[in-house]
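Take a look at the structure below.
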Amino acid sequence: MAGDWNAPTDEFSGDVRLQHREETIGLRGAEDVYVRGDAVDGELAFLDAEYVFTDVAVEGSPSLGGSDVDTAVTGNLEDGYVDDVTDDVVITEIEDAFVQYGGAEQVTAGGVEQVFHDDSAAPTKAPEQYEVTVNGWNHTKEATDPRDGVSVVGAKNEVTIREATHDLTVYVVGWDNEVRIEGRNADVTVFFVGRDNTVSVGPYLSQSLAAESGFDNAVDADPLPPEAVIQTSKSEAHSDAVFGRHKLTWQEPATDKDWCPNCGSNADAVIERKQRDALFLLKVPVRTYDDGGISYECEHCSHHAPGHVSLSEDERRDALE
């Protein structure tokens, strides 16, 4: 289907990156191909591939073939990265392709086993303009409290974001990438283009999957700890009960409950609310008048449950003391 490839040939070994190219380029025989946003000014034509994961809609069959190529890029190739081509690009004889949002003016495909495209949502800002970007294979990157977004293009990359306090868009293109976000009081919106990628967030962040052009991707959230719902710990309640009669109320984690007996919800942070009316001597109860029994609360029904959880590290530490 590719037709004749009689154009001059550039041969490479290993990964190849197409950038600062002003002619129609043909890329042949790479393993996987990654197309970054705003990479191709013209048509991006796939003539032979297994899967195409794309955040740009495919518009019919290619109008280009091998005879239209000005320069052919081939050789003993591993992965191909398309970064900056001001004309058309013809890609053939590859395994999988991954096209970032805005990757080409037009995407066409023929001889492709399956195309994955989800147009249910689009990022509000071009991913290549995000503050934290990774492009390639097997990179590790850390950042603290970025202001807008995280963009990952490639495979087997690991990105860790710490102390996030601003709403973030996480845009992942490729396969087997991992993004971990820790922080508080922020929303994390995730876009996937590819397969087997994971974005995980800490318990004090909210998360949502906006669009998935692919399969077997996951957005995981750590469960909310009971300490986030606890208002007064046992040690805090007993701290002033040195001598005399005191009525105390405190909360403890209900370690054997994965649902709330109070409201019936499946819950991560079920707590026991306990009361004690007793006579104390040196903080030790020597006579109990009423033990108050046990009642239950969780993050769904407690008046003290956080919405956007904004406990600081010191506040969470105090709740555990």
Index of the failed condition, ALA30 passing every other in (1) open to solvent by 10 Å² or more (accessible area, probe 1.4 Å); (2) on the phi < 0 side of the Ramachandran plot; (3) part of a loop (DSSP other than H, G, I, E, B) = (1)
ask   = Out of all the residues in the stretch 37-54, which are touching a Gly at 6+ places or on another chain (Cβ under 9 Å) and either at pLDDT below 95 or under 14 Å from GLN106 (Cβ atoms) (or both)?
value = GLY37, ASP38, ALA39, VAL40, LEU44, ALA45, PHE46, LEU47, ASP48, ALA49, THR54
inquiry  = Can you say whether VAL107 is closer than 14 Å to VAL173 by Cα and at pLDDT 95 or above, as far as the supplied structure shows?
reply    = no
key: strands (runs of 3 or more DSSP E) wholly inside the stretch 150-201 that include at least 3 residues being in contact with a Phe, Trp or Tyr (Cβ under 9 Å, 6 or more places away or on another chain), at pLDDT 95 or above and not small (Gly, Ala, Ser)   = 168-175, 186-195
request  = Could you please give the count of residues in the stretch 137-149 that are in contact with a Lys or Arg (Cβ under 9 Å, 6 or more places away or on another chain) and open to solvent by less than 10 Å² (accessible area, probe 1.4 Å)?
outcome  = 1
request  = Using the structure shown, decide if SER67 is assigned to a helix (DSSP H, G or I), out of contact with any helix residue (DSSP H, G or I) (no Cβ under 8 Å at 6 or more places or on another chain), open to solvent by 10 Å² or more (accessible area, probe 1.4 Å) and over 14 Å from VAL85 (Cβ atoms).
outcome  = yes
query = Looking at TYR101, is it of a type in the set (Ser, Thr, Tyr), surrounded by 24 or more Cβ atoms within 10 Å (Cβ to Cβ) and either within 33 Å of the chain's Cα centre (by Cα) or closer than 26 Å to PRO123 by Cα (or both)?
reply = no
request  = Select from the stretch 273-290 the residues that are surrounded by 18 or more Cβ atoms within 10 Å (Cβ to Cβ) and within 28 Å of PRO203 (Cα to Cα) and list them in ascending order.
outcome  = ARG273
inquiry  = Being among the small types (Gly, Ala, Ser), assigned to a loop (DSSP other than H, G, I, E, B) and out of contact with any helix residue (DSSP H, G or I) (no Cβ under 7 Å at 6 or more places or on another chain) is the filter here; which residues of the stretch 33-57 pass it?
reply    = ALA39, ALA57
task = Give the number of residues within the stretch 201-233 that are open to solvent by less than 10 Å² (accessible area, probe 1.4 Å) and within 11 Å of the chain's Cα centre (by Cα).
result = 1
task = Kindly check whether there is at least one residue in the stretch 154-168 that is out of contact with any helix residue (DSSP H, G or I) (no Cβ under 8 Å at 6 or more places or on another chain), in contact (Cβ under 8 Å) with a residue 60 or more places away in the chain and within 20 Å of ASN197 (Cα to Cα).
result = yes
message = Quick check on this structure: which one of THR189, THR169, THR165, THR198 is of a type in the set (Ser, Thr, Tyr) and open to solvent by 50 Å² or more (accessible area, probe 1.4 Å)?
response = THR165
request  = Please enumerate the residues belonging to the stretch 244-272 that are in a loop (DSSP other than H, G, I, E, B) and open to solvent by less than 80 Å² (accessible area, probe 1.4 Å).
outcome  = ALA254, LYS257, CYS260, PRO261, CYS263, GLY264, SER265, ALA267, ALA269, VAL270
query = Hey, ALA241 hits all of (1) crowded, with 17+ Cβ neighbours inside 10 Å; (2) in a strand (DSSP E or B); (3) in contact with a Lys or Arg (Cβ under 7 Å, 6 or more places away or on another chain) but one; which does it fall short on?
reply = (2)
note = Checked VAL52, VAL58 against criteria (buried (at least 22 other Cβ atoms within 10 Å of the Cβ) and farther than 19 Å from TRP5 by Cα); the one match is VAL52
message = What's the number of the only condition in (1) within 20 Å of GLU212 (Cβ to Cβ); (2) crowded, with 24+ Cβ neighbours inside 10 Å; (3) among the charged types (D, E, K, R) that ASP88 fails to meet?
response = (1)
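The values are calculated or read from the model by the stated rules, or taken from the named source; none is laboratory data. Being a predicted model, the structure only gives us computed values, none of them experimental. Glycine gets a Cβ as well: all are built from the backbone with ideal geometry, and neighbour counts include every protein chain shown. In case anyone asks, the SASA skips ligands and DNA or RNA and just uses the protein heavy atoms, side chains included. Shrake-Rupley method; radii C 1.70, N 1.55, O 1.52, S 1.80 Å.
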